[in-house]
Structure formats: C-alpha cells, structure tokens
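Notes to accompany the following structure.
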Ligand code: UDP
Ligand code: MG
C-alpha cells in the first residue's frame with residue numbers, strides 16, 4: 001500500500017489549525033481503514049516562520065497522534081517555498097503527497113478521489129474549483145484576469161487550480177529538478193509532463209483567521225508568476241519599436257510634404273524626422289538587447305530539459 005503525506009503550509013494559522021488537524025486526521029484515518037493508503041501515512045505541517053502559536057500547536061499535535069508530523073522553517077519564506085520545503089523533505093520517503101492550505105478552503109472530501117485517480121495511473125492530480133462563489137468579487141475578477149494573461153503569455157497553467165494537488169514521488173523528484181529560486185508551482189507542475197487527472201470541488205470560505213494573501217501579496221505573486229515564465233513582454237517592446245520605425249516612414253512622407261508645400265516653421269522638419277526615427281530605433285534596440293537578457297534569464301534557471309516517462313532496458 002502507498003504511503004501518503006498530506007503537506008500543509010501554515011503561516012500564523014493558530015485559529016484554524018486545531019480544527020483543520022482534526023478534520024485532516026479524520027480523512028486520513030478513513031483512507032487507512034479503507035486500505036487506500038498505508039498506516040505509515042502522515043500529515044506534515046510546515047510552519048512558515050509564524051509569529052503566533054502555530055508551531056507550539058503543531059508540536060503538541062505530533063505528541064497526540066503518530067500520524068502528525070511537523071517541519072519548522074526558521075523564517076517566513078512564503079507559501080510556495082514552504083510547500084517546496086515539505087515536498088523536498090518527504091519525497092524520498094513516501095509514494096504520494098497531497099498539498100493543501102491550512103484553512104481547508106479546499107474540499108477535503110475529494111482527497112479520496114485524488115488517491116483513487118493516482119491508483120488509476122495519474123502521477124499528478126489537480127484539485128480544480130468548479131466555482132468561485134466563496135471568493136470576493138475583486139479576488140474572482142483579478143484571479144480570472146490573471147489566468148487569462150498567463151495563458152496569453154504562453155505559460156501553462158490549469159484554470160482555477162491553486163495549490164491543492166496530489167503528486168507521486170517521481171513527479172515530486174522531477175519538480176525538484178527545477179532549480180530556480182522564484183518557483184511558481186502552478187506554472188511549473190503542468191510542465192512536468194506525466195499523466196495528470198483533475199478532481200472538481202467547490203471552494204469554501206475561510207473558517208477562521210484572515211487571508212494571508214492581501215491584495216499587495218496577490219499582485220506581487222501574479223507578477224512573479226508572469227515574469228518567471230514569460231519573456232514575451234520583451235518581445236512586445238521589440239515589436240513596438242519596429243512599429244514606430246515603420247510609422248516613422250509614414251511620418252517622413254507627411255513631414256516631407258509639409259516641407260515642400262512650405263507649410264512649416266524653420267527647424268520643424270529635421271526635428272520631427274529625428275524624433276520619430278530615433279524614438280523607434282531606440283525602442284527597437286532596447287527590445288533586441290532585452291531578447292538577449294531574456295535568453296540569459298531563461299538559461300540561468302537551469303530547468304531540466306526532458307522528463308523520462310519510462311525506460312525499458314533489457315540489461316542484466
Ligand atoms: N501561507 C504560508 N506562507 C505565507 C503565506 C501563506 O505558508 O507567507 C500559507 C497559509 O498558511 C495557507 C496557505 O499558504 O495555508 C494559503 O494562504 P491563504 O489561505 O491565506 O490564501 P488565500 O486562500 O486567501 O488565497
Ligand atoms: Mg485560504
């Protein structure tokens with residue numbers, strides 16, 4: 001039977017933690033009783049440098065039940081890095097992991113379907129929200145805009161999927177080969193390429209405490225997501241530069257006609273012509289330099305080049 005670790009990032013979650021722990025344990029117990037996962041399975045709380053009693057609660061939980069374990073990070077490194085810390089800690093020591101937020105806004109009752117999808121061969125199972133009724137209007141609109149922009153810019157994301165997902169051990173190991181500092185898991189995981197599945201659920205409102213993602217953090221998260229995946233904005237600058245250079249040809253014709261029809265003040269002709277041409281050339285050149293910087297940027301990430309799905313070798 002497979003060993004499952006449920007990874008729960010926690011940042012100042014003292015209000016929700018006791019209840020969330022109880023509910024998660026209930027789910028895990030029933031999975032164990034139904035022989036879907038092994039009794040060695042765990043719930044791992046990752047404390048992301050909380051300033052409240054979160055770690056105290058976690059460490060007490062680990063004494064209460066052998067299925068609870070805790071990982072205490074020295075400082076606040078953010079949701080994505082807290083998840084990675086959990087994954088890196090367990091990937092050699094379990095067959096599957098499920099990541100879920102501490103506030104249990106994501107529906108824990110689909111955890112069983114995730115495990116089932118994995119037994120049927122999926123290495124990655126995405127939890128996907130079927131509606132966003134529980135989110136505020138602003139959160140809903142900005143999130144939708146974000147997914148649209150991401151896909152326009154060529155990043156591969158799963159619509160309405162956050163970080164509630166199951167991963168097999170080999171998917172986790174593959175993920176850890178992405179060495180970049182600025183990890184945007186939702187964008188990276190779909191690039192892994194193993195077989196995937198989706199389970200759908202309704203997202204609930206937070207039971208207690210406040211969102212740890214205020215608008216400011218959300219915007220910077222979205223901006224990180226876009227800029228860590230796409231150098232297309234640089235391409236847009238190049239295209240704009242080229243457009244202005246071409247437009248300056250038309251401007252030239254207009255300026256020239258004005259000049260010969262004596263419809264101009266002294267100096268106007270040369271000034272206008274220089275502004276258009278130089279402006280366009282500068283923008284175009286910046287874009288070209290940007291292309292090289294963009295390539296360097298992508299290279300520095302040292303992302304893995306391929307993923308091996310299977311290797312059949314008849315070596316002895
Ligand atoms: N979180 C974290 N580090 C942070 C911010 C958030 O580990 O710096 C955790 C938080 O405890 C929660 C999850 O990330 O388990 C998602 O946060 P939250 O529920 O506040 O986000 P929202 O659901 O409002 O997007
Ligand atoms: Mg939440």
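The values are calculated or read from the model by the stated rules, or taken from the named source; none is laboratory data. None of these values were measured; they are calculated from a predicted model. So basically every Cβ, Gly included, is an ideal-geometry build from the backbone, and we count neighbours across all protein chains shown.
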| task | List the number of the failed condition for residue 89; all other conditions in (1) more than 16 Å from ligand 2 (Cβ to nearest atom); (2) within 20 Å of residue 127 (Cβ to Cβ) hold. | result | (2)
| query | Would you say residue 106 is part of a loop (DSSP other than H, G, I, E, B), within 16 Å of ligand 2 (Cβ to nearest atom), out of contact with any helix residue (DSSP H, G or I) (no Cβ under 7 Å at 6 or more places or on another chain) and at pLDDT 95 or above? | reply | no
| query | Tally time: how many residues in segment 24-57 are away from ligand 2 (no atom under 16 Å from the Cβ), in contact with a helix residue (DSSP H, G or I) (Cβ under 7 Å, 6 or more places away or on another chain) and without any contact (Cβ under 8 Å) to a residue 60 or more places away in the chain? | reply | 6
| message | Among (1) at pLDDT 90 or above; (2) not in a helix (DSSP H, G or I), there is one condition residue 118 misses while meeting the rest; what is its number? | response | (2)
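Given the residues 255, 286, which is the only one that is touching a residue at least 40 places away in the same chain (Cβ under 8 Å), part of a helix (DSSP H, G or I) and in contact with a helix residue (DSSP H, G or I) (Cβ under 8 Å, 6 or more places away or on another chain)?
286
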| field | Of the criteria (1) under 17 Å from residue 209 (Cα atoms); (2) away from ligand 1 (no atom under 13 Å from the Cβ); (3) touching a residue at least 40 places away in the same chain (Cβ under 8 Å), which one residue 9 fails | value | (2)
| task | Name every residue in segment 143-164 that is more than 12 Å from the chain's Cα centre (by Cα) and within 26 Å of residue 110 (Cα to Cα), in order of residue number. | result | 143, 144
| query | How many residues are under 18 Å from the mean Cα position of the chain (by Cα) and either closer than 12 Å to residue 171 by Cβ or surrounded by 23 or more Cβ atoms within 10 Å (Cβ to Cβ) (or both) when one looks only at segment 88-100? | reply | 4
